[in-house]
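Report on one structure; see the data block that follows.
The values are calculated or read from the model by the stated rules, or taken from the named source; none is laboratory data. Predicted model only: the values in this text are computed from it and were never measured. Every residue, glycine as well, gets a Cβ built from its backbone with ideal geometry; the counts of neighbours run over all protein chains shown.
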Amino acid sequence: MKHQAALLGFLVLAAACGSNSSQLPTSPSVPSVPAGTSTSVAVRAISVGEEVTGTLEVHGTRNVFELTAPSDGTLVARVSWRPTQGRLELWLADTLSSQADKPPITGRLTVVAGRKYRVTVADYAAWDYDTLFLPYVLTTDIQ
């Protein structure tokens, strides 16, 4: 009886590992980046006062903008979107300025005339696996 149970267990295991490996679960693959290589993100030039529209379509993505401060002061960046479509982060000069479940979010940064500054709108839920289609509106002002 023990031999029959062992044989049955072996047959079940052999069937599970059979020739149709396309049905076996696999771990997700993560693309590797060779050492010394940086992943590039397109940077779009914008102007202070311009209303910028964009859309994030994949979790973990971000849109990067660069603006030149026309005067000294405080850069105020504001992002609006429909809260039912996802959550966003706002980064100013590569520092997390604000993140929220509900729009709008606003960030502030002291700026110097003539210098360039990055403004980044990013997916707040990069770990999610659902479908993402998140349109937003970014506005900037100097105060």
Of everything in segment 100-115, what is among the basic types (K, R) and under 13 Å from W81 (Cβ atoms)? Give them in sequence order.
K102
Candidate set: segment 97-121, residues that are over 19 Å from G49 (Cβ atoms) and at pLDDT below 90; chosen: the one surrounded by the fewest Cβ atoms within 10 Å (Cβ to Cβ):
K102
Hey, which of the strands (runs of 3 or more DSSP E) in segment 97-143, taking only ones fully inside, have at least 2 residues that are in contact with a strand residue (DSSP E or B) (Cβ under 8 Å, 6 or more places away or on another chain) and touching a residue at least 40 places away in the same chain (Cβ under 8 Å)?
116-123, 134-142
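Taking L134, is it within 16 Å of L56 (Cβ to Cβ), of a type outside the set (K, R), in contact with a helix residue (DSSP H, G or I) (Cβ under 8 Å, 6 or more places away or on another chain) and surrounded by 12 or more Cβ atoms within 10 Å (Cβ to Cβ)? Before you say what the answer is, go through the steps one by one.
Values: within 16 Å of L56 (Cβ to Cβ): yes; of a type outside the set (K, R): yes; in contact with a helix residue (DSSP H, G or I) (Cβ under 8 Å, 6 or more places away or on another chain): yes; surrounded by 12 or more Cβ atoms within 10 Å (Cβ to Cβ): yes.
Yes.
Taking the residues in segment 45-57 that are surrounded by 13 or more Cβ atoms within 10 Å (Cβ to Cβ) and not small (G, A, S) as candidates, determine which candidate is farthest from W127 (Cα to Cα). Walk me through how you get there before you give the answer.
Narrowing segment 45-57 to residues surrounded by 13 or more Cβ atoms within 10 Å (Cβ to Cβ): 46, 48, 52, 54-56.
Restricting the remaining residues to those that are not small (G, A, S) gives 46, 48, 52, 55-56.
On the way: I46: 29, V48: 32, V52: 26, T55: 18, L56: 14 Å.
It comes out as V48.
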Search result, residues across segment 40-88 that are of a type in the set (D, E) and over 15 Å from R108 (Cβ atoms):
E50, E51, E57, E66
Candidate set: segment 58-94, residues that are over 17 Å from P135 (Cβ atoms) and at pLDDT below 90; chosen: the one surrounded by the fewest Cβ atoms within 10 Å (Cβ to Cβ):
D94
Confirm whether A100 is under 16 Å from V137 (Cα atoms), touching a Gly at 6+ places or on another chain (Cβ under 7 Å) and not β-branched (V, I, T).
no
